[in-house]
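A short write-up of the structure that comes next.
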Amino acid sequence: MKTHLLIFILLFFAKSQSNQEMAIQENSIFPFFVGTYTQGKSQGIYKYLLLKDGTIKRLGLVAKSDNPSFLAMNKEKTILLAANETSHENTGTVESFFIDTNRLEFISRSPSGGAHPCFVCVNKNGYVLAANYSGGNVGLLRLNKKGELSGLLDLQQHSGKGTTERQEAPHAHSAWFYKDSDKVISVDLGTNELWFSHLDTMEQKLVPDDPYTLQMKAGAGPRHLAFHPNGKWIYILNELNCTLTLVQKSDEGTYTIGSSVSSLPRDYTEANTAADIHISSDGRFVYASNRGHNSIAIYKVDPANGSLYPIGFQKTKGDGPRNFSISPDGRYLLVANQHTNNIVTFKCDKTTGLLTYIDQIEAPTPTCILFANGNDKNTNKK
């Protein structure tokens with residue numbers, strides 16, 4: 001009798017805990033920050049809420065900042081970083097803020113190492129990468145435990161050019177810590193290459209790997225990337241020729257170029273530039289944004305070889321989808337339409353990968369969406 005009673009009690013509490021977890025998921029509210037360009041109505045960084053039904057609520061301005069076009073967050077999610085896409089004396093800046101409940105508290109500001117930084121990320125040890133578009137280089141900084149940024153520790157200067165008008169000089173567009181390690185991949189639209197290096201933590205420098213670069217198809221214009229959860233496949237988004245290219249990483253650490261697929265429908269012939277790329281947390285679907293066609297391209301991942309197969313295009317209900325982000329629970333995809341000043345929510349079908357429109361809200365010149373909590377695998381994207 002006592003044994004039966006004990007089993008009943010254990011089952012009761014297990015079911016109760018399961019119901020509580022489901023209730024938490026169903027009632028999840030995810031705060032997120034929005035980076036902007038400030039030449040118009042925007043004053044800096046704004047905060048919004050994604051509600052459980054996919055609708056969005058605006059909380060308002062949380063920090064005044066000059067062109068905070070891209071945002072990142074430390075591992076503890078206590079410090080927010082902003083890349084100030086400006087050029088004062090041939091350099092932009094990176095700012096750090098303490099994340100308070102209703103505001104961002106300014107902590108520090110440091111030079112990024114080059115003009116117009118358009119991307120920033122930070123690894124688990126506090127090292128910061130800033131990709132400087134006009135400077136054609138990547139700056140290395142570090143956050144201390146107080147959230148203060150160091151001065152510039154090192155600068156990886158790119159050289160060379162591509163074959164198009166926008167590739168007459170280096171244009172570093174993003175820089176990534178590979179799976180939060182000391183391995184670094186820098187993406188340069190101007191030189192048309194990926195640049196490989198590693199962080200020497202003793203010297204606090206970026207040291208070139210061998211080989212140092214990987215050339216993309218002529219005129220591709222690589223911009224951003226997404227890492228597959230298996231650690232072997234990397235998807236490169238090419239802004240200029242509007243393609244996604246699979247790069248495969250071997251067990252020995254070498255990289256080879258695989259198949260490519262267009263980000264556009266076959267019958268689309270007007271101007272377009274690809275902007276952002278993300279992958280679902282289960283690695284089954286890849287999404288990419290198009291500016292011109294104003295859509296999110298949706299792909300299914302072949303689990304055998306990583307190839308991408310287009311399965312649909314979702315219009316973004318706005319112009320210039322520069323950036324988008326997947327919610328921490330994977331249920332929603334939010335798009336920042338830069339030119340129409342709106343953020344749009346779509347529900348993600350986790351079985352098919354397709355998107356369904358839910359809601360939209362006004363936002364001043366939005367360029368980056370960064371969720372403030374959860375386990376978003378693609379938090380550091382532009």
Extension gain HIS88-GLU148, at 0.36 nm per residue separation less the Cα-Cα distance, in nm? 19.5 nm
Non-local residues with an amide H under 5 Å from the amide H of ASP154, with H modelled 1.01 Å from N and Pro and chain starts lacking one, are LEU140
Grab the other residues whose beta carbon is less than 11 angstrom from that of ARG109, score K and R as +1, D and E as -1, and report the net. -3
With 0.36 nm assigned to each residue of separation and the Cα-Cα distance removed, ARG166 to LYS52 gains 36.8 nm
Once amide hydrogens are built 1.01 Å from N within the peptide plane, the residues lying 5 or more places from TYR37 or on another chain with amide H under 5 Å from its amide H are THR367
Would you mind telling me which residue in GLN204, GLN248, GLN156 has the biggest mean-square fluctuation in a Gaussian network model of the chain, where springs connect alpha carbons within a distance under 10 angstrom? GLN204
Which of MET73, MET202, MET216 ends up with the largest GNM mean-square fluctuation for the chain, with Cα atoms connected below 10 Å? MET202
Quick check: Cα centre of the range 194-230 to Cα centre of the range 41-56, how many Å? 33
How far is it, in nm, from the label point at ASP100 to the one at ASP282 when both lie 7 Å from their Cα along the line to the Cβ? 4.2
Contour excess over end-to-end distance, with Cα ends at LEU59 and THR201 and 0.36 nm allotted per residue: 47.2 nm
Calculated from DSSP H runs of 4 or more alone, at -39500 (n - 2.57) each and per residue, what is the 222 nm mean residue ellipticity of the chain, nearest 500? -2500 deg cm²/dmol
Could you tell me how many degrees, from 0 to 90 and to the nearest 10, lie between the Cα long axis of helix 2-26 and the main elongation axis, the longest principal axis, of the Cα atoms of the chain? 40
Testing the spin-label approximation: label points 7 Å from Cα along Cα→Cβ at THR254 and ASP267. State their distance in nm. 4.4
Extending each Cα 7 Å along its Cβ direction at SER159 and GLU76, get the distance between those two points in nm, one decimal. 4.1
Determine ³J(HN,Hα), in whole Hz, for all residues of the range 199-204 in sequence, where each value follows from phi through the Karplus function 6.51 cos²θ - 1.76 cosθ + 1.60 and θ = phi - 60°; x replaces Gly and Pro. 8, 8, 6, 6, 8, 6
More than 29 angstrom separation, counting every C-alpha pair in the chain; what % is that? 40
Ranked by GNM mean-square fluctuation in the chain (Cα springs under 10 Å), the top entry among VAL122, VAL301, VAL335 is VAL301
Out of residues 5 or more away from SER87 or on other chains, whose amide H comes under 5 Å of its own, with H placed 1.01 Å from N in the peptide plane? HIS116
Say a paramagnetic label sat at a point 7 Å from the Cα of TYR212, along Cα to Cβ; which residues of the range 223-240 have their backbone N under 19 Å from it? none
Evaluate the relative contact order of the range 38-173 (contact order divided by residue number), counting alpha-carbon pairs under 8 angstrom at least 6 apart; express in whole percent. 16
ASP100 neighbourhood, Cβ < 13 Å, K/R = +1, D/E = -1, net charge +2
With a cut-off of at most 13 other beta carbons within 10 Å, and DSSP calling the residue loop, which GluC sites (Glu not before Pro) in the range 57-90 qualify? Please list them. GLU76, GLU89
How about the range 174-227: which trypsin sites (Lys or Arg not before Pro) there lie in a loop by DSSP and see at most 10 other Cβ atoms within 10 Å? none
Find the centroid of the Cα atoms in the range 148-188 and in the range 65-131, then give the distance between the two in whole Å. 16
Could you run the Karplus curve 6.51 cos²θ - 1.76 cosθ + 1.60 with θ = phi - 60° over the range 295-312 and give me ³J(HN,Hα) per residue in whole Hz, x for Gly and Pro? 8, 9, 7, 10, 10, 9, 8, 6, x, 7, 9, x, 4, 9, 10, x, 10, x
Pairs over 31 Å Cα to Cα, from LYS41/LYS315; LYS145/LYS183; LYS77/LYS217; LYS179/LYS317; LYS57/LYS249; LYS146/LYS249, come to LYS77/LYS217; LYS179/LYS317; LYS57/LYS249; LYS146/LYS249
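Where a number appears in this text, it was derived from the coordinates with a stated rule and is not lab data. As the structure is a prediction and not an experimental result, all values here were calculated from the model. A quick note on method: Cβ atoms are made from the backbone with ideal geometry, for glycine too, and the neighbour counts reach across all protein chains shown.
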